[in-house]
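The values are calculated or read from the model by the stated rules, or taken from the named source; none is laboratory data. Just so it is clear, the structure is predicted and the values come from calculations on it, not from any experiment. Virtual Cβ from ideal backbone geometry, glycine too; neighbours counted across all protein chains shown. Just the protein is used for accessible areas: all its heavy atoms, side chains included, with ligands, DNA and RNA removed. Shrake-Rupley method; radii C 1.70, N 1.55, O 1.52, S 1.80 Å.
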Amino acid sequence: MLFVRNTTLPDGRTGIDVLADSGRIKAIGPNLPVPEGAEVIEAQGLLLSPPFVDAHFHMDATLSYGLPRVNASGTLLEGIALWGELKPQLTQEALVERALQYCDWAVAKGLLAIRSHVDVCDDRLLAVEALLHVKQVVAPWLDLQLVAFPQDGVLRSPGALANLKRALDMGVDVVGGIPHFERTMTDGAESVRILCELAAERGLRVDMHCDESDDPLSRHIETLAFHTQRLGLQGRVTGSHLTSMHSMDNYYVSKLLPLMREAGVHAIANPLINITLQGRHDSYPKRRGMTRVPELMAAGINVAFGHDCVMDPWYSLGSGDMLEVAQMGLHVAQMTSQAQMRTCFDAVTVNGAKILGLEGYGLEVGCHADFVLLQARDAIEAIRLRATRLLVVRRGEVIARSPATASALQLPGRPVSVDWALRR
Ligand SMILES: [Zn+2]
């Protein structure tokens, strides 16, 4: 049994105790009695969050930066070409090793659920095999959900549809797609139809790279919402990126958002990647390119932020820190009100959990005893400081621990020292 005393929750409640027993949250509330034999952690009013969730990642490409060369132009299309050069050289051992290394980083950062796309446009399906193996290995610590992702286009790339189906047969969880990369807008729409029908047949979720361009006339999200509704897939379908929405006509967006809401389509923005890859064809003014996050949220659409890439052909930086992602999302979307900043914290926790459909996620009685104690007093401060993860707890067990840092966080009357230790 683990007892965490005096925490602050992301919703602002303070003085909350949490009791974990047999892997689940048994009690949560103020002034709880400490059961005999429980390990007690004094949280001293600091923030206790459910684990971070990355709703959009590419674990098959991660930590491959510089292999076989770096992306000179920094564009999405060179990134895709570069990944194509790297693919024939991939080995299963190297894929597994890099993915496991990334999972170590993730756990240390309290990131305990990741939806990763895995490229199925390689007849050997090496990456699929590798990540299915990694998923099993890391399962005690981290929920890894896999998306069958036809990087080169399910219609454009020969054999991609058959490979995608094989990947699903092998145990990949979610149907992916990339309609804006198909040869024509018509092919893109057709790919959305085929893939949504495949998901409906198999009872799976859908998550497509959708309209990841600056083209104001890209319309695949409309098609995705249409087929979601037609096939009864409400709540199970996600449009990732949706960057073209940044550039769309405002009148058209005013029609589109209610359609997305009606279809229960989720949206994922990838702030670090969108702000670096979009607007590359612009001189000045230069578009930001990230999708319309506050407007989507105001329309009642669930929006999460994804990390997308860490040190790969598309992005040379990143660290598995979802607070870095939230901070960038906040800036790019100019979500600077108190309420909006808190929403950015939700976008890397609860909103992502909804998209993945995680069972037992959250800080309520009966949920898995999975949580992160942060060296911050609230969610906004956590984003500001990219706060140290003092403790990462999975199923009631402490699986990672960091010493507190001397930082901009100064608790009133209680300066933080570098050797601040958790009292037992
Ligand atoms: Zn992606």
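Quick notes
- Boolean, residue 183 is open to solvent by 30 Å² or more (accessible area, probe 1.4 Å), in contact (Cβ under 8 Å) with a residue 12 or more places away in the chain, closer than 21 Å to residue 163 by Cβ and part of a loop (DSSP other than H, G, I, E, B): yes
- In region 91-133, of all residues being open to solvent by 60 Å² or more (accessible area, probe 1.4 Å) and assigned to a helix (DSSP H, G or I), the one that is farthest from residue 144 (Cα to Cα) corresponds to 93.
- Residue within region 128-142 that is charged (D, E, K, R) and more than 16 Å from the ligand (Cβ to nearest atom) present: yes
- Tabulated pairs, region 200-215, first among the hydrophobic types (A, V, I, L, M, F, W, C), second away from the ligand (no atom under 13 Å from the Cβ) and part of a loop (DSSP other than H, G, I, E, B), C-beta under 7 angstrom, 6+ apart or interchain: 200/231; 200/233; 204/173; 206/233; 206/236
- Filter result for residue 240 (hydroxyl-bearing (Ser, Thr, Tyr), crowded, with 22+ Cβ neighbours inside 10 Å and more than 15 Å from the ligand (Cβ to nearest atom)): no
- Selection count, region 216-237, where residues are farther than 11 Å from residue 265 by Cα and open to solvent by less than 30 Å² (accessible area, probe 1.4 Å): 3
- For region 247-291, residues that are over 21 Å from the mean Cα position of the chain (by Cα) and open to solvent by 50 Å² or more (accessible area, probe 1.4 Å) total 15.
- Complete set of residues in region 164-180 that are assigned to a helix (DSSP H, G or I) and open to solvent by 10 Å² or more (accessible area, probe 1.4 Å): 165, 166, 168, 169, 170, 180
- Helices (runs of 4 or more DSSP H) wholly inside region 304-396 containing at least 3 residues that are open to solvent by less than 10 Å² (accessible area, probe 1.4 Å) and under 30 Å from residue 71 (Cβ atoms): 322-332, 350-356
- Qualifying residue in region 42-62 (condition: part of a helix (DSSP H, G or I), over 19 Å from the mean Cα position of the chain (by Cα), more than 16 Å from the ligand (Cβ to nearest atom) and buried (at least 20 other Cβ atoms within 10 Å of the Cβ)): no
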